[in-house]
Amino acid sequence: MDEKKVMIQIKGLKKEYRLGQIGHGTLQRDLQSWWAKRRNKIDPNSKIGQEDRLQGDILQALNGVDLTVHQGECLGIIGGNGAGKSTLLKLISRVASPTSGTIDLYGRVTSMLEVGTGFHGEMTGRENIYLNGAILGMTKAEINEKLEQIIDFSEVREFIDTPVKRYSSGMYVKLAFAVASHLDSEIVIMDEVLAVGDIAFQKKCIDKMRQAARDESRTVLYVSHNMETVRNLCDRCLVLSEGKIIYDGEVERAISYYTQYLQTAKDESSLLIAKKRRDLTLTGQCKIADLSCDDTVSSGGTLGFRICLQSNRDLSNVSIRLLVCNSIGELVGMTYSDPQNIECGTNWITYAFPTGNLAAGNYVCDIAVIDYSDGYEIKHDFLSKVMSFCISEKAIYFGRPWRVRTWGNVRLDKIETLGIEGMNHEQQ
């Protein structure tokens, strides 16, 4: 079996930034300050009464990244702000140089790190196609050959001879992506560029990149905070944190790992109720003091959990509302418990939640304590993202494993066929 060709090889990659070093605006003043520091003298450019500022700490934007990307792979890169995602793409694109480590690229690179990079506001869309194409390495003959395809893909044909300074941000990204996507490069690098376009254009771009990876064997690197576009485009995903790769593997598992990592980073203990309580209009008469739940449930099984309610008076018709979200925080569904009478003091209640219609994966829940004793809803307490669980086994649906990536988190019941009528040729 032939192995796929390596397109990007990264070893021991580090990038450091020194914080706090700010120039004085002119070379003369910078040299004066440097010479004064060398002689242990007072900086002549510092403000009167102000001590010379420290040169600042060193920030490890990337700290020992090792990565191999093969031909035809669509690699997603996710992580919190400041994790090092954009820095990694800038180093791969040669926009910045690494402090240490090596980056070997085996192909032509197209980079889309900013919307409309290389565009000139006074030039028309058509002129910017030639300008941007030249910056990306296309010859004039190549641009002439693909000009109509680029204009059609950009969906801005009626504005193509208008200066781009009058374009909206969405029109900018459409034109920029259209140019970059038609460049015959082996490696395509994108940093949040699809976040500006509308939903229909995002889908069009994702289809274009997936087709390029599949049919043209292009390698795609995509950074985004939109987990849905990562899920739809990528077949492999990295999770970055503090300049290091903390997960490298399947997309769904990477998204789940990232979500769980954020949750763990926020809470050092298993349950910190105070941090989960949302600042809503709550009565506070009946609060969730503690809870516990099963970690894992088999597909089609029942999730068991217990809640400790602390009430300052007797209450009737108290229910628990459970809002179930998927691994990236999107609402999947909602359910209620039966109303209960709650006595003043501490009440431990055990619940059972049937998970038969949920697909395999990780889930997190919001919990509200409500009652309808006065004929309308009264909300006593609300905790956000306080309970998580995993459905472990993949459900079989019409003889096939359920695919969360394309079919969603909820396994809807099958459509019931009530009857079928046919008409033979004689009746016709």
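Bear in mind that the values in this text are calculations on the coordinates, not laboratory data. All values derive from a computational prediction rather than experimental measurement.
When a/c reaches 1.5 or more, the comparison of a/b and b/c decides; with that in mind, is the range 298-341 rounded, prolate or oblate per its Cα gyration tensor? Before the final figure, lay out the partial values.
Values: a/c = 2.48, a/b = 1.97, b/c = 1.26.
Prolate is the answer for the range 298-341, as a/c is 1.5 or above and a/b outweighs b/c.
For a 28 Å ceiling on Cα separation, which of these pairs sit above it: Lys14/Lys140; Lys15/Lys37; Lys140/Lys208; Lys4/Lys140; Lys140/Lys165; Lys146/Lys203?
Details: Lys14/Lys140 38 Å; Lys15/Lys37 26 Å; Lys140/Lys208 23 Å; Lys4/Lys140 32 Å; Lys140/Lys165 23 Å; Lys146/Lys203 21 Å.
In this structure, Lys14/Lys140; Lys4/Lys140 lie more than 28 Å apart at Cα.
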